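In what follows, a single structure is set out as structure tokens and then discussed.
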Amino acid sequence: MGIGFETTTPGTILALEEAINQNIDNFYIYSMHKLVEPALRALLEQPDFDIDGFLCPGHVGAVIGEEGFEFLVKDYNKPSVICGFEAGDILIGIYKIVNQLLNNRAELENEYKRVVKKKEIR
């Protein structure tokens, strides 16, 4: 198994469960799973980081919830929109970020409410 974020962890667990169920004794996981928040914080804290807003990935939001991206606004004052991957989702997300920038606002908006909820999945 390789590197992944929150969204790939369930697949790793399923592979592990299957190996256990089949009594496979030569199955190993070298876990390199990362959390999205620390990775984004590391980028944001680079001295030459110059991004005005974030299109937050809806598939990650489906796992970590809206709350998982709130730090972008609270700690870094970056307009952020959680969106899906269909063309309409992305266009709406870009529109919402541009609208926030033009109005000197930094908010977390959830354009992908059909999938992403406020809190993480437990």
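When you go through LEU55, LEU108, LEU91, LEU102 one by one, which is the residue that is closer than 23 Å to THR8 by Cα and not β-branched (Val, Ile, Thr)? Step through it out loud before you land on a result.
Numbers: LEU108 fails: closer than 23 Å to THR8 by Cα; LEU91 fails: closer than 23 Å to THR8 by Cα; LEU102 fails: closer than 23 Å to THR8 by Cα.
The conditions single out LEU55.
Please determine, by comparing only the residues of region 74-105 that are part of a loop (DSSP other than H, G, I, E, B) and under 18 Å from the mean Cα position of the chain (by Cα), which one is farthest from PHE49 (Cα to Cα). Please lay out each step first, then the result.
Restricting attention to region 74-105, the residues satisfying the condition of being part of a loop (DSSP other than H, G, I, E, B) are 75-79, 84-86, 103-105.
Then keep just the ones that are under 18 Å from the mean Cα position of the chain (by Cα); that gives 75-79, 84-86.
Working: ASP75: 15, TYR76: 12, ASN77: 14, LYS78: 12, PRO79: 15, GLY84: 25, PHE85: 25, GLU86: 27 Å.
The qualifying residue farthest from PHE49 (Cα to Cα) is GLU86.
With the requirement that a residue be buried (at least 19 other Cβ atoms within 10 Å of the Cβ), without any contact (Cβ under 8 Å) to a residue 40 or more places away in the chain and small (Gly, Ala, Ser), what does region 22-69 give you?
none
LYS117 versus (1) at pLDDT 95 or above; (2) in a loop (DSSP other than H, G, I, E, B): which is the lone unmet condition?
(1)
From the set of residues in region 58-73 that are within 10 Å of the chain's Cα centre (by Cα) and of a type in the set (A, V, I, L, M, F, W, C), which is modelled with the lowest pLDDT? Explain how you work it out, then say what you get.
Pass one, region 58-73, residues within 10 Å of the chain's Cα centre (by Cα): 58-66, 68-69.
Narrowing the set further to residues that are of a type in the set (A, V, I, L, M, F, W, C) leaves 60, 62-64, 69.
Numbers: VAL60: 89, ALA62: 88, VAL63: 85, ILE64: 89, PHE69: 96.
Among those residues, the one meeting the criterion is VAL63.
Which residue is nearest to LEU43 (Cα to Cα), if the candidates are limited to region 70-116 and must be of a type in the set (Lys, Arg) and surrounded by 15 or more Cβ atoms within 10 Å (Cβ to Cβ)?
So the first thing to find is which residues in region 70-116 are of a type in the set (Lys, Arg), and the list is 74, 78, 96, 105, 113-114.
With surrounded by 15 or more Cβ atoms within 10 Å (Cβ to Cβ) added as a condition, the list becomes 78, 96.
Working: LYS78: 13, LYS96: 22 Å.
Within region 70-116, the match that is nearest to LEU43 (Cα to Cα) is LYS78.
Among residues belonging to region 21-57 that are small (Gly, Ala, Ser) and assigned to a helix (DSSP H, G or I), point out the one that is farthest from the chain's Cα centre (by Cα). Please lay out each step first, then the result.
Here is the first cut: in region 21-57, the ones small (Gly, Ala, Ser) are 31, 39, 42, 53.
Applying the additional criterion that residues be assigned to a helix (DSSP H, G or I) yields 39, 42.
On the way: ALA39: 10, ALA42: 14 Å.
Here the residue is ALA42.
From the list GLN46, GLN22, GLN100, which one is more than 20 Å from VAL116 (Cα to Cα) and outside the structural domain of LYS118 (by TED's automatic domain parsing)? Show your work before the answer.
Numbers: GLN46 fails: outside the structural domain of LYS118 (by TED's automatic domain parsing); GLN100 fails: outside the structural domain of LYS118 (by TED's automatic domain parsing).
Answer to the check: GLN22.
The values are calculated or read from the model by the stated rules, or taken from the named source; none is laboratory data. Bear in mind that the values here come from a model prediction, so they are computed numbers and not experimental data. Methodologically, a virtual Cβ is constructed for each residue, glycine included, from the backbone with ideal geometry; neighbour enumeration extends over all protein chains shown.
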